[in-house]
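All remarks here apply to the structure that follows.
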Amino acid sequence: MDAKADVCLEVSWEVCNKVGGIFTVVQSKILPMKEQYRENYILIGPFFPKKLYGIFEEHAPEESCRGSFDALKAEGIEVHCGTWITQGSPRVLLIDFTKFSAQKNDVKRKLWEWYQVDSLNTEWFDFDEPVVWAYAVGRLIEELSRVWPEKKIVAHFHEWLAGAGLLYLRKNNSPVGTVFTTHATTIGRSLAMQERDIYEQIEQINAENEARNLGPSVWAKHSLEKMSAQNAHIFTTVSEITGIEAEHFLGRKPDVLLFNGLNISKFPTFEEASVKHKLFKNRIKQFLMVYFFPFYSFDIDNTLIYFLAGRYEFHDKGVDVFIESLARLNERLKKEKCEKTIVAFFWVPAGVKGVRPEILEGKSFFRDIKETVDDAHEDIHSELLYLLMTGQDIGRESLLGEDFLLDIKPKLRRLKRDGLPPLSTHELENEGADAIMNAFRQHGLLNRKEDVVKVIFYPIYLSGADGLLDTSYYESMQGSHLGVFPSYYEPWGYTPLEAAALGVSSITTDLAGFGRYLCNECKQGEYPGIFVLPRLKKSREEIVSALTDMMAKFAHFNKQERTENKIVAQQVAATADWKKFIARYVEAHNLAVEKV
């Protein structure tokens, strides 16, 4: 499909400003967007100097725009032209609205008079800041439409944060096609966090009443989101499930569904993924020895790594369901006398005080043992070769030598501790009230020696240099066997898709946009790659039972079966390539241009 617009302006609070998942959406599709619009694809975001080091290269504006930019500067809107230093090196316009923020009350007044967006009691960082920025974006795009009168322009706005810019253009009848995308409705996310069953009750929910009851901030965001959806030339959402919400809560059915993809060419081949899995799995194994072996040992080579990663949304992300299912899995596998060990990581950032002292001490003692082994490595290697060549028996003392054994024994004794391994790597700021820790205890996941399933709450961001795992987000995934994402509220859900692209099996749900994309009836083969857990209109018991079955099935896979499932996972991920999904964006843009 050929693009009808001459210029595409994509507007997001997360351009050169990583806050959440929309950053990934915008950044990952730059290359296919540039294939459609070439140098006429321009991203617009906020100018925050402290966040721009190393990712933004500023340059002078083109001659035709200078007069307009000077006029905007006189209004307090300063436009910085440049390049986003990322794949595709797209053109960006970043707006410094520091001086324009003095117009905050006037902007909010106009939004009320024009569209009845009620923002009387909102706060700066929660609502007012992005609204003032977005209004300034509207002024910028209005000026650009005057600079390029002969060009067809489409402006694509993401989320309520950019909505004020769209509303400005529509109110002033600017000759610009407008597209609005909501990635998650304000009401849907707010009610889901209260553990309301929005999909069962959606026909009975009065969005206006609920928004008012949830406070000034939610009411203002909902009002702005609803007006943006209703006044855009073309309204879109990222999935079928979010489209259902939007129709009921915002009063408009999406014109186009814009699925979120990945640039699959940037991910490893299956062979590369296999090499990296082995590398990072060994790094995780060493950490597990530090974490568990001071208390007791288990067969580290017969251990599977399950994980959940994401924001601390205990109900929305399905953390509650995951923990309950792990407890059932633990009892089932113990009864079956399963010889495998399953370690479940919870990579969920939370408020922490610091790493637990016993882990730091254990790591120090482990490092001492490792260095002793490393120092003796060449001697052990030479002795092993000698014993093999001479046909002598290979025993502990003959291979390691008496001096080595005398040196290592006190270091091994020093490592040992009484009690049970901790449930979390870090001391938490409010551990007594922490939902994850309390759920572990409630369901008997205590890291006892006899437990087949063991848990580790890892409440910090995976930076690759945290002093514990020392693996990044992707590296941690690559070293694992199964990602479990049993979300209740997930407009799209990038993590299972990213895991699959990395060659890692995963579980998603039919309440996640990506899960609904994968299948309509959730009929899956023996090796689905990505398992889809049915949650829509299912009872808690049905959900927990089904998830337990899925995790048990995977636990019983042999190595060849796990490999088969990983192959399918990568094949499934390849269907969500931006090269395929970008056509939906072009369709939305073309429809908007036609309506101008």
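The values are calculated or read from the model by the stated rules, or taken from the named source; none is laboratory data. Small disclaimer: the values here were computed from a predicted structure and weren't measured. Positions of Cβ are backbone-derived with ideal geometry, glycine not excepted, and every protein chain shown enters the neighbour counts.
Within the range 453-469, being charged (D, E, K, R) and modelled with pLDDT under 95 holds for one residue alone: D466.
Within the range 548-595, the set of residues being under 30 Å from D2 (Cβ atoms), of a type in the set (A, V, I, L, M, F, W, C), under 22 Å from the mean Cα position of the chain (by Cα) and part of a helix (DSSP H, G or I) comprises V572, A573, A574, W578, F581, I582. Inclusion of G444 among residues that are assigned by TED's automatic domain parsing to the domain that holds K276, at positive phi and over 22 Å from the mean Cα position of the chain (by Cα) is warranted. Taking the range 475-486 as the range and being of a type outside the set (G, A, S) and either within 13 Å of K278 (Cα to Cα) or modelled with pLDDT under 95 (or both) as the test, the residues that pass are E475, M477, Q478, H481.
For the range 429-467, the set of residues classified as in a loop (DSSP other than H, G, I, E, B), of a type in the set (D, E, K, R) and out of contact with any Leu (no Cβ under 9 Å at 6 or more places or on another chain) consists of E429, E450, D466, listed by residue number. Within this structure, L415 fails the test of being more than 18 Å from M289 (Cα to Cα), surrounded by 14 or more Cβ atoms within 10 Å (Cβ to Cβ) and not assigned by TED's automatic domain parsing to the domain that holds Y199. Looking at the range 180-200, can you tell me whether even one residue there is farther than 23 Å from G318 by Cα, free of Cβ contacts under 8 Å to residues at least 60 places away in the same chain and crowded, with 23+ Cβ neighbours inside 10 Å? Looking through the range 180-200, at least one residue is farther than 23 Å from G318 by Cα, free of Cβ contacts under 8 Å to residues at least 60 places away in the same chain and crowded, with 23+ Cβ neighbours inside 10 Å. Consider G525 carefully, then state whether it is within 29 Å of C338 (Cβ to Cβ) and assigned by TED's automatic domain parsing to the domain that holds K337. Taking the combined requirement at face value, the residue satisfies it. When V290 is tested against the conditions (1) within 20 Å of the chain's Cα centre (by Cα); (2) not assigned by TED's automatic domain parsing to the domain that holds L191, the lone failure is (1). Within the range 99-113, being closer than 26 Å to F47 by Cβ, of a type outside the set (S, T, N, Q) and out of contact with any Asp or Glu (no Cβ under 6 Å at 6 or more places or on another chain) holds for K99, F100, A102, D106, V107, K108, R109, K110, L111. The one condition from (1) modelled with pLDDT of 90 or more; (2) of a type outside the set (D, E, K, R); (3) more than 16 Å from F457 (Cα to Cα); (4) touching a Leu at 6+ places or on another chain (Cβ under 7 Å) that A327 does not meet is (3). A search for C-beta distances below 6 Å between a residue of the range 275-303 that is modelled with pLDDT of 95 or more and any residue that is acidic (D, E), counting only pairs 6+ apart in sequence or on different chains, returns F280/E475.
Within the range 1-52, the residues that satisfy the criterion of being among the hydroxyl-bearing types (S, T, Y) and in contact (Cβ under 8 Å) with a residue 60 or more places away in the chain are S12, T24, S28.
Scan the range 216-244 for residues that are surrounded by 23 or more Cβ atoms within 10 Å (Cβ to Cβ), among the hydrophobic types (A, V, I, L, M, F, W, C), assigned to a helix (DSSP H, G or I) and without any contact (Cβ under 8 Å) to a residue 60 or more places away in the chain and report the count. Within the range 216-244, residues that are surrounded by 23 or more Cβ atoms within 10 Å (Cβ to Cβ), among the hydrophobic types (A, V, I, L, M, F, W, C), assigned to a helix (DSSP H, G or I) and without any contact (Cβ under 8 Å) to a residue 60 or more places away in the chain number 1.
Of all the numbered requirements in (1) buried (at least 16 other Cβ atoms within 10 Å of the Cβ); (2) within 18 Å of L161 (Cβ to Cβ), L52 misses one, and that requirement is (2). On the stretch given as the range 18-46, residues that are under 12 Å from the mean Cα position of the chain (by Cα) and of a type in the set (A, V, I, L, M, F, W, C) total 4. In the range 554-564, the condition of being in the same structural domain as G483 (by TED's automatic domain parsing) and in contact with a Pro (Cβ under 9 Å, 6 or more places away or on another chain) is met by no residue.
Only one of the numbered conditions (1) surrounded by fewer than 17 Cβ atoms within 10 Å (Cβ to Cβ); (2) touching a strand residue (DSSP E or B) at 6+ places or on another chain (Cβ under 8 Å) is violated by L482, and that is (1).
The C-beta contact set for the range 538-565 (first residue under 16 Å from K340 (Cβ atoms) and surrounded by fewer than 15 Cβ atoms within 10 Å (Cβ to Cβ), second residue modelled with pLDDT under 95 and of a type outside the set (S, T, N, Q), distance under 8 angstrom, 6+ apart or interchain) comprises E561/Y527. In this structure, is R311 of a type in the set (K, R) and surrounded by fewer than 17 Cβ atoms within 10 Å (Cβ to Cβ)? The answer is yes for R311. Every listed requirement among (1) out of contact with any Leu (no Cβ under 8 Å at 6 or more places or on another chain); (2) part of a helix (DSSP H, G or I); (3) closer than 22 Å to G188 by Cβ is met by S545 save one, (3).
The set of residues in the range 97-147 that are closer than 18 Å to V176 by Cβ and among the β-branched types (V, I, T) comprises V137, I141, V147. Quick one: would you say S190 is under 18 Å from V117 (Cα atoms), part of a helix (DSSP H, G or I) and not assigned by TED's automatic domain parsing to the domain that holds V319? Answer is no for this residue.
Picking from residues in the range 77-108 that are of a type outside the set (S, T, N, Q), surrounded by fewer than 16 Cβ atoms within 10 Å (Cβ to Cβ) and in contact with a strand residue (DSSP E or B) (Cβ under 9 Å, 6 or more places away or on another chain), the one that is nearest to E14 (Cα to Cα) is I85. Residues in the range 245-271 that are part of a helix (DSSP H, G or I) and over 20 Å from the mean Cα position of the chain (by Cα): 7 in all. For the range 125-183, a residue qualifies if it is outside any helix (DSSP H, G or I), more than 25 Å from the chain's Cα centre (by Cα) and not polar (S, T, N, Q), and the qualifying residues are W148, P149, E150, K151, K152, I153, V154, A155, P175, V176, G177. Being part of a helix (DSSP H, G or I), out of contact with any Pro (no Cβ under 6 Å at 6 or more places or on another chain) and modelled with pLDDT under 95 holds for only one residue in E200, E195, and it is E200.
A count restricted to the range 31-49 and to residues that are closer than 28 Å to E129 by Cβ and surrounded by 14 or more Cβ atoms within 10 Å (Cβ to Cβ) stands at 8.
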